[in-house]
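*Asks:* Starting off with a structure, shown below.
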Amino acid sequence: MIDLDLPSHSFEPRLYGVGAWTNHLLFAYDLVAVLRPALLVELGVDRGESYFTFCQAAAENQTGTRCFGIDTWRGDQHAGGYDETTFAQVAEHNRANYESCSSLLRSEFDEALSKFESESVDILHLDGLHTETAVRHDVESWLPKLRPGGILLLHDVGVRSKGFGVWKIWNELREQGRAWTFQDGPGLGVWQKPPIKPLPGFLDELLAPPNESNAGLASYYTGRAAAMQEKIAQHWRDGSIRNTPFAHQTIIQVFYTSDGSHREEDSVYARVGHEGWKDVRIELAPDAGAAPLRVDFVSALTTIEIASIRLTKGAETCFVADEASGFDMVRVAGDAERLPGSTFRLRVTGIDPQLYLPAVDFSASAALLSLQLRLRVG
């Protein structure tokens, strides 16, 4: 068993709980602190949970790392669409904490390729659109930028639903170089670009064939991640979730169904900031059913005021609720309660508030199903 005297023992993340990377933040911190990369590039920053952990490790351990976060900050079919709040908050956090070592590039991944020399990147993290085609393209385009012996990180390697194809590319890469798979959450793949070169600290042990040492490392990170998840749960229990970065935006998850069952793989996302009224349009697949649609709000103990809900299929309007009528047909369930008054206001009381729209039987049509909401969160 190797000595687990790791930098992350004293790590307190400034940003956590705002994405799917929470389980791997301790490893991300140790990776940068120990490897001390000269150049780190992340493709797919979103709200910055992983990227700003890399930056925090570089700053606190004085590694001299230059960090680049690349994203369009418009969302995609897997992350969902979101408004300008996301980029504004990421840019402000970057300016306030990491301006001296971090640059944000708002562009498509391919547009940023020319900014980096071949074999110049020490750590490359790919976390963009997760279809097999997109991931394969990103890997083939960006691997030449990673130096021999450098580290590639692939997120969501354990997800085999909703059109994710990262796992297929990951299985191919594992045959071509030293690799380790963290199984926690959606999974994280750690791969060293051949030829094999010695790595400092715990990293050589991690990428060795399965043994007591890397099993112990995995156990350490799993335990620390569980403690962090418990901390997040406590934020919900005591209401302090309102004061965390999670509280800056609300996720809207729409579940569609033809048989009355609501499944995670049959859902789409959008995300809004909390600045005034927002008009949100969420497109669903042409074959999506509404028997009924369920709308979940992942929001930190807020009050959500809804001015209108409109469900359309092509040019056909299927359901409307606004101040005139229709809200009495919307059912509130889960961690939510409707507040009295003439407007439709929803108090979020926990992690899973839900709205159920009335079931709709569509006429045969190949048109897109669209849900439009006008709301504000406070």
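*Asks:* State, to one decimal in nm, how far the label point of residue 88 lies from the label point of residue 275, with both points 7 Å from Cα in the Cβ direction.
*Replies:* It is 0.1 nm.
*Asks:* Once the convex hull of the alpha carbons of the range 1-156 is built, what does its volume come to per residue, in cubic angstrom?
*Replies:* That works out to 118 Å³ per residue.
*Asks:* Would you calculate the separation in nanometres between label points at residue 328 and residue 76, each defined as 7 Å from the Cα along the Cα-to-beta-carbon direction?
*Replies:* Placing both labels 7 Å beyond Cα along the Cβ direction yields 4.6 nm.
*Asks:* Report the Cα-based extents of the range 38-120 along its three principal axes, largest first, to the nearest Å.
*Replies:* For the range 38-120, the Cα spread along each principal axis is 35, 30, 18 Å.
*Asks:* OK, next. Could you run the Debye sum over the Cα atoms of the chain, one equal point scatterer each and no solvent, and tell me log10 of I(q)/I(0) at q = 0.13 Å⁻¹, two decimals?
*Replies:* -1.09
*Asks:* Leaving ligands, DNA and RNA out of it, rank 228, 329 by accessible area with a 1.4 Å probe, largest first.
*Replies:* 329, 228
*Asks:* So for the chain, if I pair up every lysine 8 or more residues apart or on another chain, how many of those pairs have alpha-carbons under 25 Å apart?
*Replies:* The result is 8.
*Asks:* Could you work out the relative contact order of the range 106-220? I mean the mean sequence separation of Cα pairs under 8 Å and 6+ apart, divided by the number of residues, in percent.
*Replies:* Relative contact order of the range 106-220: 22 percent.
*Asks:* For n ≥ 4 DSSP H runs only, could you compute -39500 (n - 2.57) per run for the chain, divide by its residues and tell me the 222 nm figure to the nearest 500?
*Replies:* Mean residue ellipticity at 222 nm (helix-derived): -7500 deg cm²/dmol.
*Asks:* Quick one: plug the Kirkwood hydrodynamic radius of the range 90-219 (C-alpha pairs) into Stokes-Einstein at 20 °C, 1.002 mPa s, and report D in µm²/s.
*Replies:* 134
*Asks:* Starting from the exponent 0.38 and prefactor 2.2 Å, build the expected Rg for the range 306-378 from its residue count and divide its actual Cα Rg by it.
*Replies:* It is 1.20.
*Asks:* Continuing with this model, one more query. Give me the angle, in degrees from 0 to 90, between the Cα long axis of helix 25-35 and the longest principal axis of the Cα atoms of the chain, rounded to the nearest 10.
*Replies:* 30
*Asks:* Let me ask you something else. What full-extension length gain, to one decimal in nm, is calculated for residue 242 and residue 162 as 0.36 nm per residue of separation minus the Cα-Cα distance?
*Replies:* Extending this stretch completely gives an extra 25.8 nm.
*Asks:* Next question. Label points 7 Å out from Cα along the Cβ direction at residue 118 and residue 361: separation in nm?
*Replies:* Those two pseudo-labels are separated by 6.4 nm.
*Asks:* Mind ranking 351, 169 by accessible surface for me, highest first, 1.4 Å probe?
*Replies:* 351, 169
The values are calculated or read from the model by the stated rules, or taken from the named source; none is laboratory data. As the structure is a prediction and not an experimental result, all values here were calculated from the model. Backbone-built Cβ (ideal geometry, glycine too); neighbour counts: all protein chains shown. All accessible areas refer to the heavy atoms of the entire protein, side chains included, with ligands and DNA or RNA removed. Shrake-Rupley method; radii C 1.70, N 1.55, O 1.52, S 1.80 Å.
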